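Peer 1: Here it is, the structure, as structure tokens.
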Amino acid sequence: MSTLEPFSFRIADRLRGVDSSPVRDLLEVVSKEGVISFAGGVPDPAYFEVDDIKAAYEWVFANHPARALQYASSEGELELREQAARRVSRHLPTTADQVQVTTGSQEGLFVVAQALVNPGDVILVERPTYLAAVQAFDLNGAHMVGVPTDEHGVVPEELERLIAEHNPTFVYLIPSFQNPSGICMPVERRRAVADVLLRTGTALVEDDPYGELCYTGEPMAPIASLPGMSAQTILLNSVSKIIAPGVRIGWMRSEGPIQFTLTVAKQAIGLQSPVPDQLAVARYLATADVEAHLERVRPVYAERARAMYAELEAVLPRDAHITRPDGGMFLWVRLGHEIDTARLLPFAVEEGVAFVPGASFYAHDPDESTMRLSFVTHAPDVIHEGVQRLGRALARYGELWTSTPWNTAADPHGRRRADPPVPATERIPHECETPSRAPAGGDAAADAERRRTPRGRRGARADPA
């Protein structure tokens, strides 16, 4: 009988010690039976245009079966790049040659990181920012620095200060209905951000998966469309929100020599995106009434956003901060009271509801009292029940983990009970500002230092949510 140790692969430094992933953990929570999940940005499948999508695939295999099943170019199928260019051109003149197809916008983020980032390079991101972008940049050795934000998005003065301090490789922004905060950057702020980027000669990676899910007015033009910005911007889009997330097709729009570099990086990662999906998406965009679909889902999601906000107001501590997005998929909550939402989550799952703790959305210095909730998956009656479950979880958490327990539920007369006063030494921070406090439990000094260290200085690991 062999006494040898079981074989073990030698893991790359950037992945050594990673025993979990916020994205994987999130998807596992979504699938738990009996749990009302506000965790993932999961569109309501009742509103998928199944007949149109099926017809597009059937057309592909009726007319181009051999082509659909064959190898193809890394840049992407011409028909799809033409359709993508047509959609982007509504705000920014674009040709098919300026479009690189990706297998969803998540691959696009990884391609960008492979093409642009050397280990230790600085990337500026919003505070908070998209957790899977943090993961993609982290795994490529980036040193991410968070830029303070307010109710209108990234603060231009802080952006300029940090550009001067760090000379970043690029700035990564989600200006429209940002994930996780739901904030939409107004035109004036976009112009101010563009001015900073143009004056400092700083590249922009602009992620725009949610822009068409606007509930009031027209979709806003990307920062890339502002004068002078197109040449120094890589603009990412996806069909996940306008068709279905299971159709893993997206694209990047860029200009100049960077296009070839992105194609080479894409080729090394996945050679090509699936041809049947590319051709079917091209057919769908050419023949289906995409605008009619969007007009159908926008009022539904708008109603759900309002319902979730109202339900949360009724059960959360009085001084909790809740964003009120008029588009996208997410609400962002800051509970305060030194609540750790990662510790709160097990209580919530026991009660039958799930959310994403906010710490994973920060490159460093996380505000652990934050959480992201998606409002698009469930009807208002289910949202009501889910938020009631969250209220019960908060009450149980308060009894065990806070020095002054509180009850978040309404009293029998429908009035909210008084929440405990905030200690005089604790100021509830403004949107996306991190409170200065030592985390509860463990070696506080060492834990605080770990949280202050920007991602990329810790061996490029993706911390669990």
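The values are calculated or read from the model by the stated rules, or taken from the named source; none is laboratory data. These numbers come from a predicted model, not from an experiment. Because the Cβ atoms are built from the backbone with ideal geometry, glycine has one as well, and the counts that use them run over all protein chains shown. Areas reflect the complete protein model, heavy atoms only, side chains present, ligands, DNA and RNA absent. Shrake-Rupley method; radii C 1.70, N 1.55, O 1.52, S 1.80 Å.
Peer 1: Taking region 213-266, which residues are of a type in the set (A, V, I, L, M, F, W, C), within 23 Å of Pro186 (Cα to Cα) and open to solvent by 20 Å² or more (accessible area, probe 1.4 Å)?
Peer 2: Met220, Ala221, Leu226, Ala231
Peer 1: While we're here: For region 187-207: of the residues being in contact with a strand residue (DSSP E or B) (Cβ under 7 Å, 6 or more places away or on another chain) and open to solvent by 30 Å² or more (accessible area, probe 1.4 Å), which is farthest from Met252 (Cα to Cα)?
Peer 2: That would be Arg189.
Peer 1: Specify which of the listed residues (Tyr284, Tyr301) is more than 22 Å from the chain's Cα centre (by Cα), modelled with pLDDT of 95 or more and either of a type outside the set (D, E, K, R) or surrounded by fewer than 22 Cβ atoms within 10 Å (Cβ to Cβ) (or both).
Peer 2: None of the others qualify; the one that does is Tyr284.
Peer 1: Further question on the same structure: Is it the case that Ala132 is surrounded by fewer than 24 Cβ atoms within 10 Å (Cβ to Cβ), touching a residue at least 12 places away in the same chain (Cβ under 8 Å) and not in a loop (DSSP other than H, G, I, E, B)? Quick ask: steps written out before the conclusion?
Peer 2: On the way: surrounded by fewer than 24 Cβ atoms within 10 Å (Cβ to Cβ): yes; touching a residue at least 12 places away in the same chain (Cβ under 8 Å): yes; not in a loop (DSSP other than H, G, I, E, B): yes.
Yes.
Peer 1: I've got another one for you. Residue by residue through region 329-376, note down the ones that are over 29 Å from Ile242 (Cα atoms), open to solvent by 10 Å² or more (accessible area, probe 1.4 Å) and outside any loop (DSSP other than H, G, I, E, B).
Peer 2: If the condition is that a residue be over 29 Å from Ile242 (Cα atoms), open to solvent by 10 Å² or more (accessible area, probe 1.4 Å) and outside any loop (DSSP other than H, G, I, E, B), then Ala342, Arg343, Leu345, Pro346, Phe347, Val349, Glu350, Glu351 are the ones that fit.
Peer 1: Exactly one condition in (1) part of a helix (DSSP H, G or I); (2) farther than 20 Å from Asn237 by Cα; (3) open to solvent by 20 Å² or more (accessible area, probe 1.4 Å) is not met by Val60; state its number.
Peer 2: Result: Val60 passes all but (3).
Peer 1: Here's a follow-up. Would you please name the residue that is nearest to His64 (Cα to Cα), looking only at residues in region 287-298 that are open to solvent by less than 80 Å² (accessible area, probe 1.4 Å) and touching a residue at least 40 places away in the same chain (Cβ under 8 Å)?
Peer 2: Ala288
Peer 1: Further question on the same structure: Among (1) among the β-branched types (Val, Ile, Thr); (2) in contact (Cβ under 8 Å) with a residue 40 or more places away in the chain; (3) open to solvent by 20 Å² or more (accessible area, probe 1.4 Å), there is one condition Thr149 misses while meeting the rest; what is its number?
Peer 2: (3)
Peer 1: May I ask you to list the residues in region 38-76 that are of a type outside the set (A, V, I, L, M, F, W, C) and under 30 Å from Glu311 (Cβ atoms)?
Peer 2: Within region 38-76, Gly40, Gly41, Pro43, Asp44, Pro45, Tyr47, Glu49 qualify.
Peer 1: Something else: When you look at Asp44, is it at pLDDT 95 or above, acidic (Asp, Glu) and surrounded by 12 or more Cβ atoms within 10 Å (Cβ to Cβ), yes or no?
Peer 2: Considered against the rule, which asks whether it is at pLDDT 95 or above, acidic (Asp, Glu) and surrounded by 12 or more Cβ atoms within 10 Å (Cβ to Cβ), Asp44 comes out as no.
Peer 1: Kindly evaluate Val275 against the criterion of being of a type outside the set (Gly, Ala, Ser), out of contact with any Pro (no Cβ under 8 Å at 6 or more places or on another chain) and crowded, with 23+ Cβ neighbours inside 10 Å.
Peer 2: Considered against the rule, which asks whether it is of a type outside the set (Gly, Ala, Ser), out of contact with any Pro (no Cβ under 8 Å at 6 or more places or on another chain) and crowded, with 23+ Cβ neighbours inside 10 Å, Val275 comes out as no.
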